[in-house]
Ligand code: NAD
């Protein structure tokens, strides 16, 4: 029987443990604070930010939110981030991506105090991750590590194939998998849009992590018998539903499930983990900045 991993259940367990951490911080007079900035009218970005803020509220984390007109000058965004960096009640700062074209994305990522960079995208934190000394692990790949752990999938000595090389999923995922650390020690291949014969690569994998952003790119014929399949993709495809679309992953679930021993669904797999790990990083940031140790899950 294939194990279909329940990402909501794993995320809820982590959130329950984090609630205890928040209570322990509160006992020492520290309320973790997460500041978010949105400079976009994109509906998906608005939804993501409000989900993050709601999740904070639910855990007792103080949410601070600022919105900027997408036509505002870039300096205005940088000034807001600078003020959040200085605010002792703010332990985590997150600028929702994407930012408008006239704003230099790299400059925005550099503007966040690395100690408050709960997304883990500041170049200092990227460097620390690559060097094997992560301060904040980026939320989605960190969540995938937790999902693998919860599903009893040991990565050590396995061949992991990551499909996608983005800065937010593919690259940090591959970096975590090759670390000499728990959840790492995997022999790791990274595939991308220029990879020739993707199926030949994925068929060699004990663990496939699909993060291409291409609907149902990977089907059962590309999966080895008994493999673990983690589907990161969230793709809107036209459908005869009330909204006119439905969400599908990068994996063709039914055919892949026939082959896999362990598989994550979309929705309800990786998605809930991303927000849980953002809360994790925020609690870790508060604990570090206030110098109050807590036992993170
Ligand atoms: P991205 O577009 O930045 O990167 C996609 C990567 O996939 C690129 O590196 C590209 O080279 C590779 N790729 C594209 N087409 C390919 C193909 N045909 N074969 C092989 N490789 C191919 O996307 P991203 O930000 O990394 O996100 C990937 C997917 O994961 C998206 O669907 C996104 O919505 C989803 N996502 C989900 C979560 C979550 O929490 N569930 C979080 C982040 C991203």
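Read-outs throughout are calculated quantities, based only on the coordinates presented, and are distinct from any laboratory measurement. Note that this is a predicted model, so its numbers are computed, not measured. Virtual Cβ from ideal backbone geometry, glycine too; neighbours counted across all protein chains shown.
Summary table below
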read-out: Inter-part distance where segment 236-273 and segment 101-159 are each reduced to a Cα centre, Å; value: 24
read-out: Highest-fluctuation residue, 226, 170, 184 considered, GNM on the chain with Cα pairs under 10 Å; value: 226
read-out: 222 nm mean residue ellipticity, helices alone, for the chain (DSSP H n ≥ 4; -39,500 (n - 2.57); rounded to 500); value: -12500 deg cm²/dmol
read-out: Counting DSSP beta bridges with both ends in the chain, the antiparallel % (nearest 5); value: 10
read-out: Percentage relative contact order, segment 146-297, counting C-alpha pairs under 8 Å, at least six apart; value: 18
read-out: Relative exposure of 209, 61, judged by other C-beta atoms within 10 Å (fewest first); value: 61, 209
read-out: Alpha-carbon Debye profile of the chain, log10 I(q)/I(0) at 0.14 Å⁻¹; value: -1.07
read-out: For 180, 257, order by how many other beta-carbon atoms lie within 10 Å, fewest first; value: 180, 257
read-out: Overall dimensions of segment 213-297 by Cα: Rg and Dmax, Å; value: 17.5, 53
read-out: Order of 65, 192, 102 - criterion: other Cβ atoms within 10 Å of each residue's Cβ, fewest first; value: 102, 192, 65
read-out: Euclidean distance between Cα centres, segment 165-233 to segment 7-25, Å; value: 28
read-out: The chain, relative contact order [Cα under 8 Å, separation at least 6], %; value: 22
